[in-house]
Amino acid sequence: MKFSLFKRFAAPPETRELAPAAPRSDFNKFELRAPSAKTLIDIFAGKWASDLSGFCPGLEPGGIGLFSDPRVTQAVHLLGANGRFDGANVLELGPLEAGHTYQLELLGAMVTAIEANREAFLKCLIVKELLGLKNSRFLMGDFIAFLEESSQKFDLIYASGVLYHMSDPIRLIELIAAHTDRCFMWTHYYDPAHYVGAQRTPRTIDRAGARFTFYEADYGNTCHDQFWGGNKPVASWLSREDMETAFRAYGFNKFTWILDDPGHINGACATFTAEKY
Ligand SMILES: C[S@@+](CC[C@H](N)C(=O)[O-])C[C@H]1O[C@@H](n2cnc3c(N)ncnc32)[C@H](O)[C@@H]1O
């Protein structure tokens, strides 16, 4: 008897034309190359803000130098001991891709870093694995909620690029004051003479015995890959003077301006430390 495999298992011609061929492998899901730094980085290919070329042979340089950022050096210069953070218990707010975390760890710090952007958090874990970070822990969540719930104290709160993303920046300063005596901050601030962004609406609020103005703006679309801002729809900027007033009102009586750049391309920004002593 003649036996035809083809005839027994082939679908009828009309079905064959309608049904799409089932994919044999999902190339977004599986990696086919041998493990390397590049296979890790490529999980978020085209979505990194940082320049990672120094850690990955063959990777084109590009992006921001967040892994060799002078801001961490400025922080250790003013708040470290002998140019180091050895053994310091540091809380980092909004690590993004762990560039500053990496530098803080190299300087001897024990870092807890809190990140609310899920993709950014996963990038931090990739960096942790890639660079073998041993003394840094990444927590997934909102740092405001963390600071409200936790009673932990830190030797230093490192807050770069986050104050101007808050809907209530005074609340963040109040919470920082409840958890540390020393804070490092880089942030944009509101200066009408140099402001370049979306229209901001002033709103006056009274807190801690002082009067502050929030310059509020809506983010609009936050769903694109390059959005690395806050997790609320509105961000409020403070003036330079209001920032200092707020830190002083919550007990930071030593305030040191490190850098003031009113002409920055994205709007005025400043670096400073605030200490209680
Ligand atoms: C502009 S980036 C700054 C990144 C980095 N620290 C730097 O200075 O280059 C702001 C980061 O803070 C995170 N972030 C903003 N608001 C947050 C919140 N309430 N809780 C946790 N992370 C937050 C964002 O997801 C983002 O990764």
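Just so it is clear, none of the values below were taken in a lab; they were calculated from the coordinates. Remember, predicted model here, so these are calculated numbers, not experimental data. In this analysis, Cβ positions are derived from the backbone assuming ideal geometry, glycine residues included, and neighbour counts consider all displayed protein chains.
In region 192-229, what residues are in a loop (DSSP other than H, G, I, E, B), closer than 26 Å to G251 by Cα and touching a Phe, Trp or Tyr at 6+ places or on another chain (Cβ under 9 Å)? A208, the sole residue that qualifies. Here N253 clears all of (1) closer than 22 Å to D181 by Cα; (2) touching a strand residue (DSSP E or B) at 6+ places or on another chain (Cβ under 6 Å); (3) surrounded by fewer than 21 Cβ atoms within 10 Å (Cβ to Cβ); (4) touching a residue at least 24 places away in the same chain (Cβ under 8 Å) except the condition numbered (2).
Go through region 139-155 and report how many residues are assigned to a strand (DSSP E or B) and out of contact with any Leu (no Cβ under 6 Å at 6 or more places or on another chain). The total comes to 2. A count restricted to region 157-188 and to residues that are outside any helix (DSSP H, G or I) and either more than 14 Å from the ligand (Cβ to nearest atom) or farther than 20 Å from F255 by Cβ (or both) stands at 5. The set of residues in region 233-277 being among the basic types (K, R) and not in a helix (DSSP H, G or I) consists of K254, K276.
Whenever a residue of region 108-124 is free of Cβ contacts under 8 Å to residues at least 60 places away in the same chain and closer than 19 Å to A75 by Cβ, its partners that are among the acidic types (D, E) and in a helix (DSSP H, G or I), lying with C-beta atoms within less than 8 angstrom and at least six residues away or across chains, give the pairs V111/E105.
Evaluated against (1) assigned to a helix (DSSP H, G or I); (2) within 12 Å of the ligand (Cβ to nearest atom); (3) not aromatic (F, W, Y), I126 falls short on exactly one condition, (2).
Pairing residues of region 80-102 that are under 19 Å from G141 (Cα atoms) with residues that are near the ligand (Cβ under 8 Å from one of its atoms) and of a type in the set (S, T, N, Q), at Cβ distances under 7 Å and at least 6 apart in sequence or on separate chains, gives H100/S160. In the set (1) surrounded by fewer than 17 Cβ atoms within 10 Å (Cβ to Cβ); (2) more than 16 Å from the ligand (Cβ to nearest atom); (3) aromatic (F, W, Y), W228 fails one condition alone, (2).
Filtering region 86-105 to residues that are away from the ligand (no atom under 16 Å from the Cβ) and of a type outside the set (D, E) leaves G87, A88, N89.
If you go through region 29-52 and keep only what is closer than 28 Å to C223 by Cβ and either among the aromatic types (F, W, Y) or part of a helix (DSSP H, G or I) (or both), you end up with F30, K38, T39, L40, I41, D42, I43, F44, W48.
Quick check on region 111-120: of everything there that is out of contact with any Gly (no Cβ under 7 Å at 6 or more places or on another chain) and part of a strand (DSSP E or B), which residue is nearest to the ligand (Cβ to nearest atom)? Step by step, filter region 111-120, then rank; the result is A113. The set of residues from region 114-139 being of a type in the set (D, E) and surrounded by 20 or more Cβ atoms within 10 Å (Cβ to Cβ) comprises just one member, E115. Looking across region 145-169, just one residue is surrounded by fewer than 21 Cβ atoms within 10 Å (Cβ to Cβ), among the polar types (S, T, N, Q) and within 20 Å of D242 (Cα to Cα), and that is S167.
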